[in-house]
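Some notes on the structure that comes next.
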Amino acid sequence: MTGPCCMIVEDQVLIGLSLEAYLEDAGFSVAGPFLSCADALQWLEHHTPQVAVLDVMLQDGTSLLVAQELKERHTPFAIYSGLPFTPSVPDELQGVPWLEKPAPREQLTETVARLSRADARPGDFNRAR
């Protein structure tokens with residue numbers, strides 16, 4: 001039996017592989033890492049993860065279209081970015097946990113685990129840092 005599926009959208013290969021290892025160790029099955037918004041959206045055409053981790057800046061721009069798609073599906077996600085949190089983040093990223101790179105492994109896995117629980121609702125989380 002595999003754990004909940006966590007989608008990883010991260011354009012830095014080594015970071016993506018580290019996230020994959022952390023989340024698999026925490027009991028998640030992993031989709032990705034997807035290096036671009038286009039790759040992530042293509043995967044989402046036929047799949048829906050239970051939770052996701054998104055970098056903001058990707059090879060082909062931002063992950064805002066992925067965030068919008070996940071919100072429309074009511075799929076919780078966290079941001080894992082080198083960009084600092086600001087209150088003026090785009091609407092697609094409002095109310096989403098924001099982890100600044102490099103966040104501790106435990107903080108990342110705990111955040112994703114909380115998001116994957118059935119009782120997690122949008123707005124339950126503040127900036128995770």
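Values in this text are rule-based calculations from the coordinates and carry no lab data. Just so it is clear, the structure is predicted and the values come from calculations on it, not from any experiment. Reconstructed Cβ throughout: ideal geometry from the backbone, glycine too, with neighbour counts over all protein chains shown.
Picking from E92, E106, E45, which is most flexible by a Gaussian network model of the chain using Cα springs under 10 Å? It is E45. In terms of other Cβ atoms within 10 Å, T111, T48 run from fewest to most in the order T48, T111. Of all DSSP bridge pairs formed entirely within the chain, close to 10 percent run antiparallel. Sorting V66, V89, V9 from the fewest to the most surrounding beta carbons within 10 angstrom yields V89, V66, V9.
Let me check against my output: what whole-number percent is the relative contact order of the chain, with C-alpha pairs under 8 Å and at least 6 apart? Worked out over the chain, it gives 22 percent. Once backbone amide H atoms are built at 1.01 Å from N, L58 has S63 as its partners under 5 Å, excluding neighbours fewer than 5 places away on the same chain. Here is how the number arises for the chain: DSSP H runs of 4 or more residues each give -39500 (n - 2.57), the sum is divided by the residue count, and the result at 222 nm is -9500 deg cm²/dmol. Scalar couplings 3J(HN,Hα) for the range 100-106, obtained by applying the Karplus form with A = 6.51, B = -1.76, C = 1.60 to θ = phi - 60°, are 8, 5, x, 7, x, 3, 5 Hz; x denotes Gly and Pro. Amide H contacts under 5 Å for V53: M7, I8, V9, A78, restricted to partners 5 or more places along the chain or on a different chain, H placed in the peptide plane at 1.01 Å from N.
Round to the nearest 0.05 the FRET efficiency obtained for A21 and Q68 when R0 = 30 Å and r is the Cβ-Cβ distance.
0.60
Here the 3J(HN,Hα) profile of the range 54-66, calculated from phi with Karplus coefficients 6.51, -1.76 and 1.60 at θ = phi - 60°, is 10, 7, 6, 9, 10, 4, 10, x, 9, 9, 4, 5, 5 Hz, Gly and Pro shown as x.
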